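Notes for the one structure printed next.
The values are calculated or read from the model by the stated rules, or taken from the named source; none is laboratory data. Computed from a prediction, not measured in an experiment: that's the story for all the values here. With ideal geometry, Cβ positions are generated from the backbone for all residues, glycine too; neighbour counts draw on all protein chains shown. Heads up: the accessible areas ignore ligands, DNA and RNA and are worked out on the full protein's heavy atoms, side chains in. Shrake-Rupley method; radii C 1.70, N 1.55, O 1.52, S 1.80 Å.
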Amino acid sequence: MHLNPYGEYAVTLAADLANRHPQTLDELVERCVDAGIILDFPIAEKDLGETLDLLTEWSKIVDLTDAEGRAELVNIMLEQASAYPRMTNHAGDGWHLHYRDPQQSLAEVLKALFSVGTALHLVGRGMHRLGRCSLEECTNIYADTSRNGRQRYCSPTCSNRDAVRRHRART
């Protein structure tokens, strides 16, 4: 079975890039490859700036907490970026779906990937399962892929830090 790179994988890559912006095009490319994206499309220097703009746009979806507003922003991004689904075996590693036109730039591919992935994540897991860390001094984004859907922190480190803080406040 070939796993589709949409949903959990796309939304966690978006969160990772939003939390720690790539500083160079080479870093962006490396992190995309590490996430499993096959780069068989044009890559240009402008992709870094366009991707950073995309991450700002995507973060607005994260920061909206009402379902209707969140859905509206995702729908706008889907309209701007996504094409009809098409089956492909472009890398010879199994058939899967693409939600983008062929030969788009890296930034355009990421926009399609993030919009479809975010939509699948939210409708499949719940509209509340995307947010910012609850630790006061942390602004990192998380995509809640937990079983119970109650994630509030970006990492176990932040969760533990807040638990220790709450414990110390009680004693």
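Taken over region 99-108, residues that are in a loop (DSSP other than H, G, I, E, B) and open to solvent by 60 Å² or more (accessible area, probe 1.4 Å) amount to 3. Looking at region 115-134, is at least one residue in a loop (DSSP other than H, G, I, E, B), more than 18 Å from residue 59 (Cβ to Cβ) and of a type in the set (Lys, Arg)? No, the conditions are met nowhere in region 115-134.
Among the residues making up region 1-60, those that are of a type in the set (A, V, I, L, M, F, W, C), under 21 Å from residue 144 (Cα atoms) and surrounded by 12 or more Cβ atoms within 10 Å (Cβ to Cβ) are 10, 11, 13, 14, 15, 17, 18, 32, 35, 54, 55, 58. Among the residues of region 81-98, just one is more than 12 Å from residue 116 (Cβ to Cβ), at pLDDT below 85, outside any strand (DSSP E or B) and open to solvent by less than 60 Å² (accessible area, probe 1.4 Å), namely 91. Comparison of 113, 120 shows that the only residue that is open to solvent by 60 Å² or more (accessible area, probe 1.4 Å) and either in contact with a helix residue (DSSP H, G or I) (Cβ under 9 Å, 6 or more places away or on another chain) or at pLDDT 95 or above (or both) is 120. Across region 138-146, not a single residue is classified as of a type in the set (D, E, K, R) and open to solvent by 40 Å² or more (accessible area, probe 1.4 Å). Only a single criterion out of (1) open to solvent by less than 60 Å² (accessible area, probe 1.4 Å); (2) over 29 Å from residue 155 (Cβ atoms); (3) not aliphatic (A, V, I, L, M) is not satisfied by residue 69, namely (2). Scanning region 43-72 for residues that are farther than 26 Å from residue 23 by Cα, part of a helix (DSSP H, G or I) and among the aliphatic types (A, V, I, L, M) turns up 67, 71.
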